[in-house]
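What follows is one structure encoded as structure tokens, with my remarks underneath.
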């Protein structure tokens with residue numbers, strides 16, 4: 001069972017989990033896939049709550065999200081460290097991560113992309129804008145540190161259309 005909450009109620013927990021790579025990004029296309037993300041932002045733009053997720057072009061998820069109009073973000077408050085590590089180091093090109101790592105997809109409340117049942121906090125997002133990173137505009141120090149292989153991110157801006165927590 002889930003309970004709706006304001007999108008910004010758990011900002012401290014979301015920020016902590018993002019900075020430690022403890023967040024799942026899920027996209028549904030010709031295949032359902034989830035990946036671990038350690039970068040992202042929640043804010044307010046265009047009069048709406050927005051979750052920005054970066055995805056590198058080399059990732060399997062990139063091909064899925066490019067053809068999608070939505071994504072979900074699921075956050076465990078405790079546990080799932082092994083699953084997060086595996087989802088961050090294995091590709092959905094080669095396996096069904098949900099089946100392989102024992103993750104349970106649950107239908108979203110508003111969108112068609114599922115959330116992960118084992119997680120505590122969920123965001124459902126409708127993509128309203130995307131932007132490929134422009135290397136010429138990136139600080140040289142950041143470029144050298146994070147993009148030595150020139151595998152830049154595309155940023156997906158998702159309007160948060162639902163936010164809820166798992167009720168025990």
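Every number in this text was worked out from the coordinates using simple rules, so none of it is lab data. This is a predicted model, so every value here is computed, not measured. No Cβ is skipped: glycine too gets one built from the backbone with ideal geometry, and neighbour counts run over all protein chains shown.
Here are a few things to note about the model shown:
- Choice from 135, 49, 76 with maximal GNM fluctuation in the chain (Cα, 10 Å cutoff): 135
- Per residue, the chain reaches -5500 deg cm²/dmol at 222 nm when only DSSP H runs of four or more residues are counted, each adding -39500 (n - 2.57).
- Remark: the Cα gyration tensor places region 44-168 in the oblate category, a/c being 1.5 or greater and a/b not exceeding b/c.
- Put simply, when 15-26, 89-100 are sorted by average Cβ atoms within 10 angstrom per residue, most first, you get 15-26, 89-100.
- Anisotropy class assigned to region 22-74 is prolate, per the alpha carbon gyration tensor with a/c at or over the 1.5 cut-off and a/b larger than b/c.
- Inter-site label distance for residue 16 and residue 130 at 7 Å from Cα along Cβ, in nm: 3.3
- Gained length - residue 67 relative to residue 145, 0.36 nm times residue gap less alpha-carbon distance: 25.1 nm
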